[in-house]
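Beneath this line is the structure, given in structure tokens, with notes to follow.
The values are calculated or read from the model by the stated rules, or taken from the named source; none is laboratory data. What you see is a predicted model, and the numbers here were worked out from it, not measured in a lab. Neighbour counts run over all protein chains shown; Cβ positions are idealised from the backbone, glycine included.
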Amino acid sequence: MREWILSVLRRRGQLAGAISAAVFLAIAFPAAAPASQPQPPAPLPENIFDAASRAASRLPRLHSLLISQGGELVFERYYNGARPTHPANIKSASKSVISALVGIAIRRGFLQDSQQPISSFFPQLAGMREENGSPRKAEITIEDLLSMRSGLETTSNRNYGRWVRSRNWVAHILSRPFVASPGTEMVYSTGNTHLLSAILTKATGKSTWEFAQETLAAPLGFQLPRWPRDPQGIYFGGNDMLLTPRQMLAFGELYLLRGQHDGRQVIPADWVRASLVPRVRSRREAGRYYGYGWWIRSMAGYQAPYAWGFGGQYIFLVPELDLVVVSTSAVTLEDDRRTHRFTVMDIIERYIVAPVASFRPSND
């Protein structure tokens, strides 16, 4: 996976500051294991996840914990009244799904590429100028939205309520002032991915739900429930999608298989690679990066891209271990929600990733 990231970063020349691709990865993942030829996973002991199971059972907010290795479901537990067939609101993990849909739309010719300016879809931006006379909003690209580098003031966190109460969500997002130049700093904002949903709707001539059902859910063998829409009928981009934990697992496994499922290329392989490249450093947590709708961090010495939704909705990928871990949790606003998500991540790292890594075949 390191070669993956290095090749894309060198080709695109999008490294932070003046550091080289190798230095960037050394900083991002100081403990990352050296790249090697893929080898079949060693059989895991039956009790390898006992500690994870005990720790998970003590969490009152946790709803599910699933683990697959090599495409095989090796652990599946449900907690606190949750059921396998009950869809979870995956919250902002939806952003990873929106990213996949953008890659599919590019491959099918509905979009040019990730460098396409969003003014292609919002012509009103061409006439928008900042106070200094710069028409920078017309310069925002699809890639800027995918990587949270639009530079626009966030519509998340303290600004979220005002945004979702507005009469026109897209117009509200586009009217936000700049807090950074496009393509530079990370400013996390669900408004970015909602613009992507609006772009998909305009480009494909279908709703985001229809396009997702046709190109992603159906090939994976399930029906995607409808989720909320904005006042203009655009499906919420980057929040409130509904998936069962097993469907989340199937989506994660799709990325480990370079976008293939049952021999069919569902997501373009080059898009999978591009999505998991760390493109910008998070300002809120050391050692955390963002790609195209995926967070990226180091976990037990391995690079681990992950989809992350409010409250503890996770899809963790550990490509070098051929591992996918899914968790779902309550999305209520109790004060323990922050400590809960850190506890879930600790369980995944200490009691799942690290033990599996200890059984990784040696290259010696």
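Yes or no, residue by residue, for (1) under 17 Å from Tyr351 (Cα atoms); (2) modelled with pLDDT under 95; (3) crowded, with 24+ Cβ neighbours inside 10 Å; (4) out of contact with any Leu (no Cβ under 7 Å at 6 or more places or on another chain):
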{"residue": "Tyr290", "(1), (2), (3), (4)": "no, no, no, yes"}
{"residue": "Ser298", "(1), (2), (3), (4)": "yes, no, no, yes"}
{"residue": "Pro305", "(1), (2), (3), (4)": "no, no, yes, no"}
{"residue": "Gly309", "(1), (2), (3), (4)": "no, no, yes, yes"}
{"residue": "Gln313", "(1), (2), (3), (4)": "no, no, yes, yes"}
{"residue": "Val318", "(1), (2), (3), (4)": "yes, no, yes, yes"}
{"residue": "Leu321", "(1), (2), (3), (4)": "yes, no, no, yes"}
{"residue": "Ser327", "(1), (2), (3), (4)": "yes, no, yes, no"}
Restricting to the stretch 108-122, give me the number of residues that are without any contact (Cβ under 8 Å) to a residue 12 or more places away in the chain and crowded, with 18+ Cβ neighbours inside 10 Å. 0
Failed condition for Arg136, given (1) over 20 Å from Asn239 (Cβ atoms); (2) exposed (fewer than 15 other Cβ atoms within 10 Å of the Cβ); (3) among the basic types (Lys, Arg): (2)
When you scan the stretch 188-239, how many residues do you find that are touching a residue at least 60 places away in the same chain (Cβ under 8 Å) and part of a helix (DSSP H, G or I)? 16
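Output the residues belonging to the stretch 165-187 that are assigned to a helix (DSSP H, G or I) and either free of Cβ contacts under 8 Å to residues at least 60 places away in the same chain or touching a Pro at 6+ places or on another chain (Cβ under 9 Å) (or both). Lay out the reasoning, then the answer.
First, pick out the residues of the stretch 165-187 that are assigned to a helix (DSSP H, G or I): 169-174.
Result: Trp169, Ala171, His172, Ile173, Leu174.
Going by the structure shown, is Gly263 modelled with pLDDT under 95 and among the small types (Gly, Ala, Ser)?
The answer is yes for Gly263.
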Which residue out of Gln232, Gln213, Gln223, Gln247 is polar (S, T, N, Q), within 23 Å of Ala88 (Cα to Cα) and surrounded by fewer than 17 Cβ atoms within 10 Å (Cβ to Cβ)? Gln223
Here is a list: Asn47, Asn80. Which entry is among the polar types (S, T, N, Q), surrounded by fewer than 21 Cβ atoms within 10 Å (Cβ to Cβ), assigned to a loop (DSSP other than H, G, I, E, B) and in contact with a strand residue (DSSP E or B) (Cβ under 9 Å, 6 or more places away or on another chain)? Asn80
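Among the listed residues Ser189, Ser147, which satisfies the condition of being within 18 Å of the chain's Cα centre (by Cα), at pLDDT 95 or above, small (Gly, Ala, Ser) and farther than 15 Å from Arg279 by Cβ? Working first, answer last.
Details: Ser147 fails: farther than 15 Å from Arg279 by Cβ.
Going through Ser189, Ser147 in turn, just one is within 18 Å of the chain's Cα centre (by Cα), at pLDDT 95 or above, small (Gly, Ala, Ser) and farther than 15 Å from Arg279 by Cβ: Ser189.
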